[in-house]
Structures are given as C-alpha cells and as structure tokens.
Amino acid sequence: EITGVPAADIEKAALLYGGMKPAALRTSASPTVHHTNASQNHRAIISLVGLTGNFDVEGGNHVIPPGYNEIGNGIKMREGAFTQSRPWAEMAPRVGYDAHPVWCNEIGQAQAMHLPFQIHSGEPYPVRALIGFGMNYGMWPGSDYMAAALAKLDFFVDVDLFMTPTAKMADLLLPACTSFERSEFKIYVERFGVVTEKVIEPLGQSRADTDIVFDLAKRLAPDDELLATDYETCIDWMLEPQGLRVEDIKKHRGGCLLEGVEAPPFKKYEKNGFPTPSGKMEFVSQKLVDAGYDGLPVYTEPKYSPVATPKLAEKFPLVLNTGSRLPMYVHSRTFRLAWTRKLRPDPMVDMNPKDGEQRGLADGEPVILSTPKGSIDLVARFTQTVPPGVVSVFHNLPGAEINAIIEPDYRDPISGFPGFKSLLCQVERRADNND
C-alpha cells in the first residue's frame with residue numbers, strides 16, 4: 001500500500017536477496033534520501049546488509065574506508081588531517097548544526113541546505129560573505145529563497161566555467177579553466193591512480209580551481225607552511241603514509257596500479273567493533289534516540305502526501321518527483337548547449353497517459369503545474385516510465401525552475417536533505433490554451 005509495488009514482487013525480491021549467499025547490495029544515494037523521511041529510508045535499506053549477514057564479507061558489501069576525494073580503495077592517506085587541521089570544538093558551529101546536529105556529527109560537514117536560513121536570520125551568527133565553486137542556487141528547495149539569500153550578502157564570489165544564473169549574481173566572478181587546461185591527481189576504487197595531463201594552457205584569464213584556492217590560502221593563512229606551497233606538494237603530503245609521490249605516478253602517462261595499496265581485510269568488526277555507542281551494528285540507533293528521533297528505521301509519510309495531508313491532496317492529488325536524470329544530459333548542465341537542447345527543447349512534465357486523459361489533456365499540450373508554493377508552465381509528455389498518480393520534472397530548466405515552487409524547509413529533519421521526490425502537485429490545462 002505504501003509503495004504501489006505488488007506485495008508478491010516485494011516478497012520475491014526479499015527472498016532472492018535474503019536467500020543468496022553472499023550477496024552485495026548497491027544503492028544510489030539520491031533516490032532514497034531526497035525525501036522528508038530520507039535518513040530512515042536509507043537506514044532501512046542498508047540495514048538489510050547486516051540482517052542477511054552480508055556486511056564486510058567477501059562477495060558482500062566489503063567496507064573500504066574512503067581515501068583521497070572520498071574514494072575507497074585501501075590507500076593510506078592523511079587527507080582528513082589536511083582538510084581539517086583543528087577539531088570542530090575549536091571552530092564556530094557549522095552551518096546547519098543547530099537544525100541537524102545528528103547529520104553534522106556523523107558526516108563532519110556543514111549542511112548547505114540550511115545556508116539560506118542562516119544568511120536570512122543571522123543565527124547563530126551572521127554569514128556576510130561567500131565564495132562558491134560551480135555553485136548553483138537552483139539546486140536548493142525554494143531556489144528563489146536561496147537566490148534572495150545570495151543577494152543579501154555583503155560580498156559574493158563565484159568561480160565557474162560559464163556565466164550561469166548564479167554567476168550573474170556574484171560581485172566578483174573568477175573564470176575556472178576546464179579539465180583540458182589543467183592536470184589533476186585522481187584515484188579509483190580499483191587501486192588505480194593517474195595524474196592527468198593538460199592538453200592546452202588555460203584560455204583567457206581562466207585558472208584552475210586549486211590555483212585560486214592556494215592564492216587565497218596564502219593570504220588567509222600566511223604562516224601555514226604547507227598552504228604556502230602548491231597543489232602537487234600538498235598531494236605528496238597527503239600520500240606520504242602510502243610512500244607515493246605525484247612524480248612517481250606521472251611517469252605512467254596512462255596511470256598505474258598504486259604500489260603497496262591493498263584492500264583491508266573482511267569482517268573488521270570482529271576486531272574493531274562498530275563506531276556506535278554500543279560497539280555493535282545498531283538497528284535501533286542510540287544516537288537518534290538521544291536526539292529525540294525514533295531509533296528504528298521506521299516509515300513516516302512524507303510531509304505532504306495523500307495520507308498525511310488528505311485535505312491538501314484534494315487540491316494537489318499528484319505525487320511530484322524532481323531531480324531524475326535525462327540520459328542525454330549531464331545532470332542539469334549540458335542541455336544549455338543549442339544542439340543538445342534540440343533533443344528536448346521544451347520544459348516538460350512526464351506523466352502517465354491515464355492521468356493526462358483524466359484531465360482532458362493531450363500529449364504535447366501546454367500545461368501548468370502547481371504546488372502549495374506556486375506554479376510553472378510546462379508541456380505535458382505522456383510516458384509509461386512514471387506510474388499513474390506520479391509526475392516527474394527535470395530540474396533546473398531555465399524559465400521553468402521546479403525547485404522554486406518547493407518550500408525551502410521541505411526537508412528531512414534528521415539529515416536536512418530536500419524532499420525532491422515526495423511532495424504533492426496538480427497538472428492542469430493552461431488557461432490560455434482553453435477553447
């Protein structure tokens with residue numbers, strides 16, 4: 001009843017996974033966590049790995065701690081010591097810590113979704129200046145609220161390859177060069193490393209992100225000997241525990257297997273336990289209980305849904321999904337190219353033909369999609385890829401910004417992740433299209 005998937009199919013999938021030994025479960029993060037019940041959704045799924053005995057075993061979900069750039073391949077590095085030189089207790093509270101302390105403690109980052117609220121409120125401290133790299137305010141729920149926050153800053157710097165809507169708001173725009181105009185150290189899960197070679201020198205005034213960062217660091221921290229060097233020197237410093245150097249990897253123009261890098265053993269928990277208060281795999285999370293949340297990965301209806309808000313669903317009966325990828329585009333970027341935009345020139349709402357017919361709509365007809373926050377103009381596209389009762393809209397489309405009609409606080413209370421895939425809307429014929 002919750003999922004709309006036949007019970008027999010769910011049972012078949014459960015028996016297939018639970019009865020196969022070993023079995024690996026691979027999930028993509030965003031489909032499960034872009035809901036107002038995000039954290040518990042994802043906990044429920046990954047708990048299956050432990051329940052079935054597939055945690056950190058050969059052929060199951062082998063746990064490899066993340067190395068450089070969050071890539072887990074067994075490399076010994078001190079990236080953490082580079083990115084965070086002093087403990088959190090010695091710094092001001094991270095953005096979003098007051099609203100989402102559990103997530104911030106576990107992830108060790110700020111929660112960017114809370115940034116516009118802190119800019120607008122000035123609490124727990126004011127944010128007056130910001131530097132963004134490839135920043136896109138359209139990725140926030142209530143993107144107009146985020147844009148207003150950027151406009152409120154005393155000083156906003158943006159670094160980007162293109163003159164994006166966010167870049168146009170900046171007080172200072174620094175042009176970034178492409179990956180063809182700079183070199184970069186990269187590692188992969190297969191214990192493979194490469195230092196890419198630039199094809200041409202940076203065009204115009206464009207520069208590598210790292211050059212911009214190091215020039216800024218030298219001004220902000222002039223006494224830091226490591227930051228006074230350069231990108232490759234810092235990579236060498238991080239690689240030192242593994243006994244590797246950038247120059248050694250450069251000798252292999254096509255990359256190479258990293259010497260001495262080995263995957264960690266299986267069943268590490270038998271020796272080390274788990275990083276939980278009990279030292280065990282907790283299906284009832286003590287940290288969530290202490291923070292006032294349900295310790296079990298329970299199902300909670302979306303903030304807006306036909307079950308949670310039946311009165312609202314009378315006016316907005318369709319479930320709205322946003323953020324799904326289109327196969328011919330890279331996230332929300334390359335559709336801005338003239339020739340790729342021709343593949344899908346109009347901003348569309350994908351909907352099941354049954355929902356379109358119930359509303360007297362035709363495939364390709366101009367429509368208006370509305371949520372409790374607002375409305376945008378789209379074109380109806382009938383497809384069987386979405387089930388009846390659900391519609392899907394590609395995000396960040398110029399002139400039809402779906403995130404602008406999502407409330408900025410429509411988020412999971414634990415993680416702060418936006419509920420892009422579980423809210424309510426209505427699709428109707430556009431007024432100027434009536435007979």
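The values are calculated or read from the model by the stated rules, or taken from the named source; none is laboratory data. Keep in mind that what you see is a predicted model, and the values were worked out from it rather than measured. When we count neighbours, we look across all protein chains shown, and the Cβ atoms used for this are built from the backbone with ideal geometry, even at glycine. The area values use the complete protein model at the heavy-atom level, side chains included, leaving out ligands, DNA and RNA. Shrake-Rupley method; radii C 1.70, N 1.55, O 1.52, S 1.80 Å.
Does segment 86-100 include one or more residues that are outside any loop (DSSP other than H, G, I, E, B) and open to solvent by less than 60 Å² (accessible area, probe 1.4 Å)?
Step one: of segment 86-100, the residues outside any loop (DSSP other than H, G, I, E, B) are 88-90.
With open to solvent by less than 60 Å² (accessible area, probe 1.4 Å) added as a condition, the list becomes none.
Scanning segment 86-100 turns up no residue that is outside any loop (DSSP other than H, G, I, E, B) and open to solvent by less than 60 Å² (accessible area, probe 1.4 Å).
Phe214 meets all of the listed conditions (1) under 13 Å from Phe82 (Cβ atoms); (2) among the aromatic types (Phe, Trp, Tyr); (3) surrounded by fewer than 16 Cβ atoms within 10 Å (Cβ to Cβ) but one, namely (3). Checked against the criterion of being surrounded by 14 or more Cβ atoms within 10 Å (Cβ to Cβ), in contact with a Phe, Trp or Tyr (Cβ under 9 Å, 6 or more places away or on another chain) and more than 22 Å from Asp144 (Cα to Cα), segment 342-350 has at least one qualifying residue. The one condition from (1) assigned to a helix (DSSP H, G or I); (2) open to solvent by less than 70 Å² (accessible area, probe 1.4 Å) that Glu270 does not meet is (2). Scanning segment 148-189 for residues that are open to solvent by less than 20 Å² (accessible area, probe 1.4 Å), aliphatic (A, V, I, L, M) and either out of contact with any Pro (no Cβ under 7 Å at 6 or more places or on another chain) or modelled with pLDDT under 95 (or both) turns up Leu150, Leu153, Val157, Val159, Ala167, Ala176, Ile187.
When we screen Leu288, Leu318, Leu244, Leu258 for residues that are surrounded by 13 or more Cβ atoms within 10 Å (Cβ to Cβ) and over 30 Å from the mean Cα position of the chain (by Cα), the only hit is Leu244.
Of the residues in segment 59-70, how many are at pLDDT below 90 and open to solvent by 20 Å² or more (accessible area, probe 1.4 Å)? Before you say what the answer is, go through the steps one by one.
Of segment 59-70, the ones at pLDDT below 90 are 65-70.
Now narrow it down to the ones that are open to solvent by 20 Å² or more (accessible area, probe 1.4 Å): 65-66, 68-70.
Here the count works out to 5.
In segment 407-432, the qualifying residues are those that are aliphatic (A, V, I, L, M) and open to solvent by less than 50 Å² (accessible area, probe 1.4 Å), and the one that is nearest to Gln111 (Cα to Cα) is Ile414. For segment 200-247, filtering for residues that are within 19 Å of Lys76 (Cβ to Cβ) and part of a helix (DSSP H, G or I) leaves 13. For segment 410-433, the tally of residues that are in contact with a strand residue (DSSP E or B) (Cβ under 9 Å, 6 or more places away or on another chain) and not in a strand (DSSP E or B) stands at 11. Where residues in segment 1-26 are closer than 22 Å to Glu58 by Cα and assigned to a loop (DSSP other than H, G, I, E, B), which of them is most open to solvent (accessible area, probe 1.4 Å)? So the residue we want is Arg26.
Scan segment 34-41 and give yes if some residue there is more than 25 Å from Thr322 (Cα to Cα), part of a helix (DSSP H, G or I), open to solvent by less than 60 Å² (accessible area, probe 1.4 Å) and polar (S, T, N, Q), otherwise no. No, every residue in segment 34-41 fails to be more than 25 Å from Thr322 (Cα to Cα), part of a helix (DSSP H, G or I), open to solvent by less than 60 Å² (accessible area, probe 1.4 Å) and polar (S, T, N, Q). Considering segment 328-341, and only residues there that are open to solvent by 80 Å² or more (accessible area, probe 1.4 Å) and at pLDDT below 80, the residue that is farthest from the chain's Cα centre (by Cα) turns out to be Leu337. Would a scan of segment 124-134 turn up a residue that is hydroxyl-bearing (Ser, Thr, Tyr), in a loop (DSSP other than H, G, I, E, B) and exposed (fewer than 12 other Cβ atoms within 10 Å of the Cβ)? Within segment 124-134 (the criterion being hydroxyl-bearing (Ser, Thr, Tyr), in a loop (DSSP other than H, G, I, E, B) and exposed (fewer than 12 other Cβ atoms within 10 Å of the Cβ)), the answer is yes, since at least one residue qualifies. For segment 71-85, filtered to residues that are of a type outside the set (A, V, I, L, M, F, W, C), surrounded by 13 or more Cβ atoms within 10 Å (Cβ to Cβ) and out of contact with any helix residue (DSSP H, G or I) (no Cβ under 9 Å at 6 or more places or on another chain), the residue that is farthest from Val261 (Cα to Cα) is Gly72.
Per-residue answers, yes or no, for (1) part of a loop (DSSP other than H, G, I, E, B); (2) of a type in the set (Val, Ile, Thr):
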{"position": "His252", "(1), (2)": "yes, no"}
{"position": "Pro265", "(1), (2)": "yes, no"}
{"position": "Thr276", "(1), (2)": "yes, yes"}
{"position": "Lys280", "(1), (2)": "yes, no"}
{"position": "Gly292", "(1), (2)": "yes, no"}
{"position": "Lys303", "(1), (2)": "yes, no"}
{"position": "Ala313", "(1), (2)": "no, no"}
